[in-house]
Amino acid sequence: MTAADAPSTGSPAAADPGRDNVLVDADVLTEWVGDRLPGVGQSLVVERMGQATGIGNALFFVRRAGHEWVLRRPSAVVNAPGASDMEREWRILSALEGTAVPHPRPLLLCTDPAPLGAPFLVMDKVDGLTPTGALPPPYDTAPARRDLAFAMVDAVAALGDVDWRAGGLEGLGRPEGFLERQVPRWLAQLERYRVRNIPELDFVADWLERNRPSMGRPGIIHGDYSPFNVMASYQETTRLAAVIDWDTGTIGDPLLDLGHLLARWTDPGEEYALTVDIEQRDGLPTRAELAARYAERTGRDLGALSYFQALALFKLAIILEGGYARSVRHGTPSRVPASMIDRLVRFAAIFARGERI
């Protein structure tokens with residue numbers, strides 16, 4: 001697996017936080033930070049956000065002299081090779097400075113594992129909420145939830161239009177042949193830990209290979225774009241506070257990010273493909289409305305959208321299968337039931353057959 005097409009950690013259940021006892025030594029961090037953050041002469045206070053927060057990475061609040069930041073570092077359990085890449089995240093966040101894509105401001109990067117046992121980065125804390133579950137005010141009304149949904153589309157539309165070369169991201173990925181590499185590389189990853197046969201996986205893989213479209217204009221892709229990886233603003237419902245978790249981003253076809261968002265988006269009365277993210281669905285636009293908004297913002301051709309929806313679910317299922325296979329090998333309970341993975345592949349097949357659009 002190459003770093004050029006970074007893998008995604010995939011979902012809120014992609015790894016096993018119960019095995020993650022990562023800590024940060026506040027004294028060591030204080031010495032390393034020195035005078036590069038406000039409050040020189042005072043010790044940093046470090047608090048773990050909670051082991052259920054952050055899957056591919058462990059997250060910590062860092063405080064000093066009335067200021068507060070966020071530290072990200074790899075978890076003890078890395079779900080996929082190449083995930084939790086702090087330098088990759090730093091490069092992308094730095095490239096997004098001055099663009100229309102809302103993101104946390106990057107402050108410090110440490111690529112040396114010596115201080116904390118792994119590379120890490122420090123960024124500004126974002127004033128926002130992850131829009132999953134039962135949403136609090138101001139998103140407890142249908143109009144605000146509608147704004148939020150379109151804000152998610154606007155952010156990912158803006159991302160695909162960022163001048164990634166001007167942002168110093170040459171070499172981050174290999175856009176040439178990006179789509180051609182997807183099915184072979186994910187199947188190769190699956191073979192490294194396969195413990196069972198997954199229904200309809202072969203059908204989906206074959207369909208993706210036979211129906212692969214020509215790639216559009218390359219751009220930065222997040223790799224796991226969903227409500228779990230954005231933060232809604234408390235003040236402005238029409239714009240996100242930030243898109244987060246960039247450690248597996250790359251340069252490729254931006255329609256894959258749209259595929260991630262829409263394949264897991266549930267229209268009224270539909271069975272969900274993965275889990276229900278936003279519980280109050282009243283007011284939320286349909287997939288067709290979200291796709292139309294993206295096309296309006298970007299001018300991109302969405303004629304092959306079903307391909308990207310199927311590919312997103314195919315990829316996610318293989319990533320989650322890694323966690324399930326690990327639990328089988330170790331004889332431990334899995335946070336990712338086989339039925340969830342099978343459902344993802346089933347819905348990839350549904351998109352492939354045109355039974356859901």
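So here's what we get for this one:
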{"item": "Only listed residue being within 19 Å of the chain's Cα centre (by Cα) and assigned to a loop (DSSP other than H, G, I, E, B), chosen from ALA310, ALA273", "result": "ALA273"}
{"item": "GLU209 open to solvent by 10 Å² or more (accessible area, probe 1.4 Å), on the phi < 0 side of the Ramachandran plot and without any contact (Cβ under 8 Å) to a residue 24 or more places away in the chain", "result": "no"}
{"item": "Verdict on ASP154 being touching a residue at least 60 places away in the same chain (Cβ under 8 Å) and open to solvent by 30 Å² or more (accessible area, probe 1.4 Å)", "result": "yes"}
{"item": "Selection status of GLY249, in contact with a helix residue (DSSP H, G or I) (Cβ under 7 Å, 6 or more places away or on another chain) and buried (at least 20 other Cβ atoms within 10 Å of the Cβ)", "result": "yes"}
{"item": "Candidates LEU179, LEU135, LEU172, filtered to the one that is assigned to a helix (DSSP H, G or I) and surrounded by 18 or more Cβ atoms within 10 Å (Cβ to Cβ)", "result": "LEU179"}
{"item": "Members of the stretch 314-357 that are of a type in the set (Gly, Ala, Ser), assigned to a loop (DSSP other than H, G, I, E, B) and surrounded by fewer than 17 Cβ atoms within 10 Å (Cβ to Cβ)", "result": "GLY331, GLY354"}
{"item": "Of all residues in the stretch 283-307 being outside any helix (DSSP H, G or I) and closer than 17 Å to MET152 by Cβ, the one that is least open to solvent (accessible area, probe 1.4 Å)", "result": "PRO285"}
{"item": "Any chance LEU159 is in contact with an Asp or Glu (Cβ under 8 Å, 6 or more places away or on another chain), in a helix (DSSP H, G or I), touching a residue at least 12 places away in the same chain (Cβ under 8 Å) and buried (at least 19 other Cβ atoms within 10 Å of the Cβ)", "result": "yes"}
{"item": "VAL153 vs. criteria modelled with pLDDT of 95 or more and in contact with a Pro (Cβ under 6 Å, 6 or more places away or on another chain)", "result": "no"}
{"item": "Pairs with Cβ under 6 Å, 6+ apart, first in the stretch 86-100 and without any contact (Cβ under 8 Å) to a residue 40 or more places away in the chain, second outside any loop (DSSP other than H, G, I, E, B) and open to solvent by 50 Å² or more (accessible area, probe 1.4 Å)", "result": "none"}
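The values are calculated or read from the model by the stated rules, or taken from the named source; none is laboratory data. As the structure is a prediction and not an experimental result, all values here were calculated from the model. When we count neighbours, we look across all protein chains shown, and the Cβ atoms used for this are built from the backbone with ideal geometry, even at glycine. What goes into the accessible areas is simple: the full protein's heavy atoms, side chains included, and nothing from ligands, DNA or RNA. Shrake-Rupley method; radii C 1.70, N 1.55, O 1.52, S 1.80 Å.
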